[in-house]
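A.B. asks: I'd like to ask some things about the structure below.
The values are calculated or read from the model by the stated rules, or taken from the named source; none is laboratory data. What you are looking at is a predicted structure, and each value in this text was computed from that prediction instead of being measured. Cβ coordinates were reconstructed from backbone atoms using ideal geometry, including for glycine residues, and neighbour counts include every protein chain displayed. When the accessible area is computed, the model is the full protein with side chains, heavy atoms only, and any ligands, DNA or RNA have been set aside. Shrake-Rupley method; radii C 1.70, N 1.55, O 1.52, S 1.80 Å.
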Amino acid sequence: MKVTVTANGPLKKYLAGTHTVELEKGSDLRDLLANLAVPGDSVSLLVLNGQKATIGQELHDGDLVTIYPPVCGG
Amino acid sequence: MSYQNCVLRINLAGKTSAKEPLQQQWAANYLGGKGLGIKYLYEELKPGTDPLSPGNKLMLLTGPFTGTIVPCSGKLALIAKSPATNTILDCSIGGHIASTLKYAGYDAVIIEDKAQEPSYILIDNDAVDILPAGELWGKGSHTTETLLLKTYGHDAKVLSIGPAGENLLPMACISSDYYRQAGRGGIGAVMGSKNIKAIVVKGSGSVAAANMPELINKAHHFLREDLLTDTNLWAYTDGTPMIVDLAQATGILPTNNFQSGTFDGYGSLNAEAVRKTRFGKKGCFSCALGCGNFSRMANTRVEGPEYETLALCGSNCGISDLEAIIEFNRLCDDLGLDTISAGNITAFAMELTEKGIKDFGMRFGDIREYLTVPAKLAYRDGSGAELALGVKELSKRYGGSEFAMHVKGLEFPGYEPRGSWGMGLAYATADRGACHMRSWPVASEAFGDVDPYTAEGKAQLVIGLQHYNAVKFSTILCDFWALSLETMAEMLTLTTGNETSAAQLEEIGERVVNIARLFNQREGFDRNNDTLPERIFNEYITDGATAGKNLPRGDFEKMLADYYAIRGWDTDGKVPGSKIASLSL
């Protein structure tokens, strides 16, 4: 299956633009992150199809994933 | 070391000023900035003082890091009693004024009484003058700053109010560097009530650090290894507009006066949308993050808009037109208005109109009327005369208190507490009213792994964050560097020469929170004021990721009871004598 990933803020230096990643059926967000060259510590929030997701959440073909760095303050 | 050991006291009525030594023991216990300012005001201000009377004091505080090479140390604390809430009020302003004031030779400036005519204060190192404001009075902050810089040169730094401060609005701010504000609680009205249009500072001195060579080494080390990392660089790459995306995804983006936490039009005002309008970046003194974005669209430009403005003046008003939000922001900055409160009162007026309670001629999403609000507010013109009351007082007049989104009279910042319960506790217990700058549990709840929908553990979470922010804003450092207390302690040891530990900083943070609470207690505040609007308890978010959520009153009461218990306060939320003694308040 294929999922589309976008990185935000300083994470763009690891993953510029929008990427399509091929994964095995049944993969989850943990599997996706393992496929990307983004340091685990640098990822704070995972958004799947526009909503907050947990690391163990299963992915499906056509999913859109956005990854965010930590943000302190507002 | 790293203090100037000098406080400048200005009496406006007598047009006199004098230097006095810094209270050393207070500086040791409270460091500077927020903590030291609140301590000074607690000791000097008569309880029950009307915040807009000559009896209130306006204090400007630097900290031991101010003017040094420590990164992100360019903020100034401003302290007074709040006209919006009657609580203690401390604000924080960036730009370049803090270091200039310290280089002029001062740890603090205390401004007392009221000038006989509209005036401005000039502090040129040792020389202090109170001069007639003349044609400056009545002008916007931007023109005021331009004229003063023309007179005194660009090495001068300026604090100014706009017409909102002159007209004593409870949402009037103080501006500097054109687009930075000491925003909340009516600090601008305090300055206006003293007949002070501006404060101009020139400083050509320096600040000594106890161990300069090691401080320079460590500052560079922390800059590379701790500050300019993925944890903090969101501020450089995007700035606070990034939070729009995070809030939307987690259902806590204020929409239509906090009826919803998700906004259909969010894509027009998120990080990507703002980045497209960017034509420059801006930072404060000593800051490598440079969070400021200059944004330009066809007919307007501003440094900003920051998240709070995008949320409260954008989604919260049902407005998705970025150009309109930028223009609203620019108007507020020039007129001297807090965008958080201005956005809230606009949204409240929209809901009153739509519900048929009181017709202010404004509806959610209506750009035309929306853009008339800043001027109406600042000049108390037309409906602005009533809108200027703020949501608390306006709801007393017409109703709608269930959805007047404030705590103690200060309007809500941009995080929906029904989607992040710890934030509800944070708003209710913050010293100056509904504030996100005392603790921000959103980072670990909505944006992190902590369950947002439980009362368990939230008191401890909020207390830890409150102590951290309180001591950070006393050293003074900017919110956006997520450094540890250990790093803070190491730099303090090198700047002041006093051996400092993280544990000592934690205690100072607790002390600062408690002195602020004691100030409020003396003004008559207690548990009854630590509450939230009925909408949060009894209404359910209408749609999006947090659809159907409320913050049940029972859970809120549990968080609050836990909070008082852990803090060692009594069940009325009061600081007991034993705590006053143990913290040496």
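A.B. asks: Hey, how many Å between the Cα centroid of region A:1-53 and the Cα centroid of region B:435-507?
C.D. replies: Region A:1-53 and region B:435-507 have Cα centres separated by 30 Å.
A.B. asks: log₁₀ I(q)/I(0) of region B:300-361 at q = 0.12, 0.21, 0.30 Å⁻¹, via Debye over equal Cα point scatterers, no solvent, to two decimals?
C.D. replies: -0.28, -0.76, -1.22
A.B. asks: Counting only other chains, what is the mean number of Cβ atoms within 10 angstrom of the Cβ of each residue in peptide B:233-240?
C.D. replies: Numbers: counts 7, 11, 5, 2, 7, 6, 1, 3.
Rounded to a whole number, the mean comes out at 5.
A.B. asks: Could you list the square roots of 5 times each eigenvalue of the Cα gyration tensor of region B:407-469, that is, the equivalent ellipsoid semi-axes, sorted largest first and rounded to whole Å?
C.D. replies: 17, 13, 10
A.B. asks: Also: Which number do you get for Rg(Cα) / (2.2 N^0.38 Å) in chain B?
C.D. replies: The value comes to 0.89.
A.B. asks: Turning to a different aspect of this structure: Taking one equal scatterer on every alpha-carbon of region B:261-395, how large is log10 of I(q)/I(0) by Debye at q = 0.14, 0.16, 0.21 1/Å?
C.D. replies: -0.61, -0.78, -1.22
A.B. asks: While we're looking at this one, here's another question. Provide the convex hull volume over Cα atoms per residue for the protein assembly as shown, in Å³. Walk me through the numbers on the way to the answer.
C.D. replies: Values: hull volume 91.8 nm³, N = 659.
Roughly 139 Å³ of hull volume per residue.
A.B. asks: Continuing with this model, one more query. Might you report the magnitude of the Cβ-based charge dipole of chain B about its Cα centre, with Lys and Arg at +1 and Asp and Glu at -1, to the nearest 20 debye?
C.D. replies: Roughly 1040 debye, rounded to the nearest 20.
A.B. asks: Gain in length, B:Asn498 to B:Gln24, computed as 0.36 nm per residue apart minus the alpha-carbon separation, to one decimal in nm?
C.D. replies: Answer, rounded to one decimal: 169.4 nm.
A.B. asks: Which of the peptides B:566-577, B:160-171 is most tightly packed, and how do the rest follow, judged by the mean count of other Cβ atoms within 10 Å per residue?
C.D. replies: Answer by packing, highest mean first, reads B:160-171, B:566-577.
A.B. asks: Lysines near B:Lys472 by alpha-carbon distance under 20 Å, same-chain residues fewer than 8 away left out - which ones?
C.D. replies: Cross-link targets: B:Lys34, B:Lys39, B:Lys75, B:Lys102, B:Lys218.
A.B. asks: Rg and Dmax of region B:168-211 over Cα atoms: what are they, in angstrom?
C.D. replies: Radius of gyration, then largest Cα-Cα span, for region B:168-211: 14.5, 46 Å.
A.B. asks: Under 16 Å from the Cα of B:Lys202, which aspartates and glutamates turn up, not counting those fewer than eight places away in the same chain?
C.D. replies: Within the straight-line cut-off, B:Lys202 pairs with B:Asp107, B:Asp124, B:Asp126, B:Asp129, B:Glu145, B:Asp155, B:Asp177.
A.B. asks: To continue, here is another question. Would you mind counting up the charge near B:Glu112? Only other residues with Cβ under 10 Å from its Cβ, with Lys and Arg at +1 and Asp and Glu at -1.
C.D. replies: In short, +2.
A.B. asks: Can you sort B:Arg184, B:Arg330, B:Arg301 by solvent-accessible area, 1.4 Å probe, largest first?
C.D. replies: These residues rank, largest area first, as B:Arg301, B:Arg330, B:Arg184.
A.B. asks: If I take R0 = 45 Å and measure r between the Cβ atoms of B:Glu214 and B:Arg275 in this structure, what FRET efficiency does the formula 1/(1 + (r/R0)^6) give, to the nearest 0.05?
C.D. replies: Between B:Glu214 and B:Arg275 the formula returns 0.70.
A.B. asks: Could you work out the per residue convex hull volume over the alpha carbons of region B:179-336, in cubic angstrom?
C.D. replies: Hull volume over Cα atoms, normalised by residue count, gives 164 Å³.
A.B. asks: While we're looking at this one, here's another question. What's the lysine pair count for chain A at a Cα cut-off below 21 Å, pairs eight or more apart or interchain? Present the calculation step by step, with values, prior to reporting the outcome.
C.D. replies: Working: A:Lys2/A:Lys12; A:Lys2/A:Lys25; A:Lys2/A:Lys52; A:Lys12/A:Lys52.
Within chain A, the lysine pair count is 4.
A.B. asks: Here's a follow-up. Would you work out what percent of the accessible area of the protein assembly as shown, with all protein chains in place, is carbon or sulfur (probe 1.4 Å)?
C.D. replies: Using a 1.4 Å probe with all protein chains present, the protein assembly as shown comes out at 49 percent carbon and sulfur.
A.B. asks: Compute the Rg/Rh shape ratio of chain A: radius of gyration over Kirkwood radius, all on alpha-carbon atoms.
C.D. replies: With Rh from the inverse mean 1/r over Cα pairs, Rg/Rh is 0.94.
A.B. asks: Now, a different point. For the pairs B:Lys19/B:Lys157; B:Lys46/B:Lys458; B:Lys150/B:Lys276, note any where the Cα-Cα span goes beyond 27 Å. Write out the running numbers ahead of the final one.
C.D. replies: Values: B:Lys19/B:Lys157 21 Å; B:Lys46/B:Lys458 35 Å; B:Lys150/B:Lys276 33 Å.
Cα-Cα > 27 Å for B:Lys46/B:Lys458; B:Lys150/B:Lys276; rest within.
A.B. asks: Using C-alpha positions alone, give me the convex hull volume of region B:129-216 per residue in cubic angstrom. Could the numbers behind the result be given before it?
C.D. replies: On the way: hull volume 11.9 nm³, N = 88.
Looking at region B:129-216, the number lands at 135 Å³ per residue.
A.B. asks: A further question on this structure: Which far-off residues, 5 or more places away or on another chain, put their amide H under 5 Å from the one on B:His406, with H placed in the peptide plane?
C.D. replies: B:Phe412
A.B. asks: For region B:531-545, just list the computed ³J(HN,Hα) in residue order, Karplus coefficients 6.51, -1.76 and 1.60, θ = phi - 60°, integers in Hz, with x standing in for Gly and Pro.
C.D. replies: 9, 10, x, 4, 3, 5, 7, 10, 10, 10, 4, 6, 7, x, 4
A.B. asks: Right, here's the next one. Can you compute the radius of gyration and Dmax for region B:504-585, using only the Cα atoms, both in Å?
C.D. replies: Over region B:504-585's Cα set, Rg and Dmax evaluate to 16.1, 49 Å.
A.B. asks: OK, next. Charges only on Cβ, +1 for Lys and Arg, -1 for Asp and Glu: so what's the dipole of region B:236-390 about the Cα centre, in debye to the nearest 20?
C.D. replies: Details: 14 positive and 20 negative charges, 68 e Å.
Dipole size: approximately 320 debye.
A.B. asks: Suppose every K and R has +1 on its Cβ and every D and E has -1 on its Cβ; what is the size of the dipole of region B:336-470 about the Cα centre, in Debye to the nearest 20?
C.D. replies: Dipole about the Cα centre, nearest 20: 400 debye.
A.B. asks: Dipole of the protein assembly as shown (Lys/Arg Cβ +1, Asp/Glu Cβ -1, origin at the Cα centre): which of B:Gly400, B:Cys91, B:Asn469 lies farthest to the positive side?
C.D. replies: B:Cys91
A.B. asks: For region B:431-585, rounded, prolate or oblate, judged on the Cα gyration tensor with a ≥ b ≥ c (square roots of eigenvalues), a/c < 1.5 rounded, else prolate if a/b > b/c?
C.D. replies: Values: a/c = 2.42, a/b = 1.41, b/c = 1.71.
Oblate, because a/c is 1.5 or more while a/b does not exceed b/c.
A.B. asks: Dimensions of region B:63-108 along principal axes (Cα, Å, largest first)?
C.D. replies: Its Cα atoms span 36, 20, 16 Å along the three principal axes.
A.B. asks: While we're looking at this one, here's another question. Considering only B:Leu312, B:Gly384, B:Thr346, whose Cα is most displaced toward the positive end of the charge dipole of region B:267-418, charges sitting on Cβ of Lys, Arg (+1) and Asp, Glu (-1)?
C.D. replies: B:Leu312
A.B. asks: Any chance you could get the radius of gyration and Dmax over the Cα atoms of region B:372-423, in Å?
C.D. replies: Rg and Dmax of region B:372-423, Cα atoms, are 13.0, 39 Å.
A.B. asks: Sticking with this one: When the expected Rg is taken as 2.2 N^0.38 Å, what fraction or multiple of it is the alpha-carbon Rg of region B:432-497?
C.D. replies: That works out to 1.27 for region B:432-497.
A.B. asks: Another question, then. Per residue, how many Å² of accessible area does region B:151-289 show with a 1.4 Å probe?
C.D. replies: 30
A.B. asks: For region B:1-156, how big is the tail of P(r) above 18 Å, as a whole percent of Cα pairs?
C.D. replies: Pairs farther apart than 18 Å: 61 percent.
A.B. asks: Can you list the DSSP H helices in chain B whose Cα atoms extend at least 18 Å along the helix axis and whose mean Kyte-Doolittle hydropathy is -0.5 or higher? Write out the running numbers ahead of the final one.
C.D. replies: Numbers: long enough: B:322-335 (19 Å, 0.39); B:339-354 (22 Å, 0.57); B:458-475 (26 Å, 0.12); B:502-522 (30 Å, -0.25); B:553-567 (21 Å, -0.65).
In chain B, the long hydrophobic H runs are B:322-335, B:339-354, B:458-475, B:502-522.
A.B. asks: Can you give me the C-alpha center-to-center distance between region B:352-400 and region B:134-165, rounded to a whole angstrom?
C.D. replies: Value for the Cα centre distance between the two parts: 29 Å.
A.B. asks: Normalised radius of gyration for region B:381-508, please: alpha carbon Rg relative to 2.2 N^0.38 Å, two decimal places.
C.D. replies: Normalised Rg, Cα atoms only: 1.31.
A.B. asks: If you don't mind, there's one more thing I want to ask. Can you give the three extents of the C-alpha atoms in region B:313-470 along their principal axes, from longest to shortest, in whole Å?
C.D. replies: Answer, in whole Å and largest first: 47, 32, 25 Å.
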